[in-house]
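The structure under discussion appears below in the form of structure tokens.
The values are calculated or read from the model by the stated rules, or taken from the named source; none is laboratory data. Keep in mind the model is a prediction, meaning the values are calculated, not measured. Cβ: placed from backbone, ideal geometry, glycine included. Neighbour counts: every protein chain shown.
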Amino acid sequence: MDSKRSAVTWLAVGLLINLVFGVGVAIAAFLTVYSSIIGLAITGAGAPGAGEVIRLMNEVLVMAIIGIAVNIATAVTQYIGFAGLSRSNPKYSIGKVGAVLGPVGSLVALPGLYLLINAVRELAVNNRVQPTTPTLAMEPQPAAVLSALIPASILALVGGAVALVGFIMIAIGYYRLGEEHGSDLVRVGAILYILVLIPYAGPVLSIVGFILLIVGVLEIRRRLATPPGG
């Protein structure tokens, strides 16, 4: 029982890390990337200047790296948790594998994102800046720059697909945890959690599911910490 409680504790820690740092990353993204996009939309008509595009791309890259770091930290705790549970019940192995695939997919996608951002930087630099209006005027681009978009897209798609599979496997692991311990909060939370890709309502439902997961996993941990008949 102690080993199971320890495993569930690790899963709860992973969810809390994801919550705290996820909120932090979201706030940082709003203050940097989103504010830059809003600023470009407000500051006038025409294409943005090269410097503005490069700054925006740098902010996107930094936010992506921070997000992947949080993802890896969460995945480590999830792996430890599901690995502990799978020692007594192999059905939790799916969560353990998912915890590996998630960061692996993100790390595969990161070079693709870098290549894509670098290509956009090159496009911005290679475009001439008009003397009267500091905006970009599109010119024929070097083949090397455009060809970088192909491997970038492939890496991003493959990495994203691997991370998505890992994400779904982790959700299944949580669902099975709720199923074993009779927690509707965890079961419903796990289902809602994977709806993030549905347009419009998906992200909201996923956030609700994530909160239900945290509450439900903490409740399961509390039950395991309570002696029988206590």
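Could you look through region 37-62, keep only residues that are modelled with pLDDT of 65 or more and over 30 Å from residue 104 (Cα atoms), and pick out the one that is surrounded by the most Cβ atoms within 10 Å (Cβ to Cβ)?
52
Under 6 Å by Cβ, and 6 or more places apart or on different chains, what pairs join a residue from region 13-25 that is within 19 Å of residue 79 (Cα to Cα) and touching a residue at least 60 places away in the same chain (Cβ under 8 Å) with one that is surrounded by fewer than 17 Cβ atoms within 10 Å (Cβ to Cβ) and among the hydrophobic types (A, V, I, L, M, F, W, C)?
17/73
May I ask you to list the residues in region 189-207 that are within 22 Å of residue 23 (Cβ to Cβ) and at pLDDT 90 or above?
189, 190, 192
Among the residues that make up region 122-131, is at least one of them surrounded by fewer than 18 Cβ atoms within 10 Å (Cβ to Cβ), in contact with a helix residue (DSSP H, G or I) (Cβ under 7 Å, 6 or more places away or on another chain) and modelled with pLDDT of 85 or more?
No, because not a single residue in region 122-131 is surrounded by fewer than 18 Cβ atoms within 10 Å (Cβ to Cβ), in contact with a helix residue (DSSP H, G or I) (Cβ under 7 Å, 6 or more places away or on another chain) and modelled with pLDDT of 85 or more.
Looking only at region 63-80, decide whether some residue is within 30 Å of residue 222 (Cβ to Cβ), touching a Ser or Thr at 6+ places or on another chain (Cβ under 7 Å), at pLDDT below 90 and part of a helix (DSSP H, G or I).
yes
More than 30 Å from residue 178 (Cα to Cα), surrounded by fewer than 20 Cβ atoms within 10 Å (Cβ to Cβ) and modelled with pLDDT of 80 or more - does that describe any residue in region 82-101?
no
Just give me the residues in region 193-207 being surrounded by fewer than 17 Cβ atoms within 10 Å (Cβ to Cβ) and closer than 18 Å to residue 13 by Cα, in sequence order.
Within region 193-207, 207 is the sole residue that qualifies.
Assess whether residue 190 counts as being buried (at least 20 other Cβ atoms within 10 Å of the Cβ) and assigned to a helix (DSSP H, G or I).
Yes; evaluated as a whole, the condition is true for this residue.
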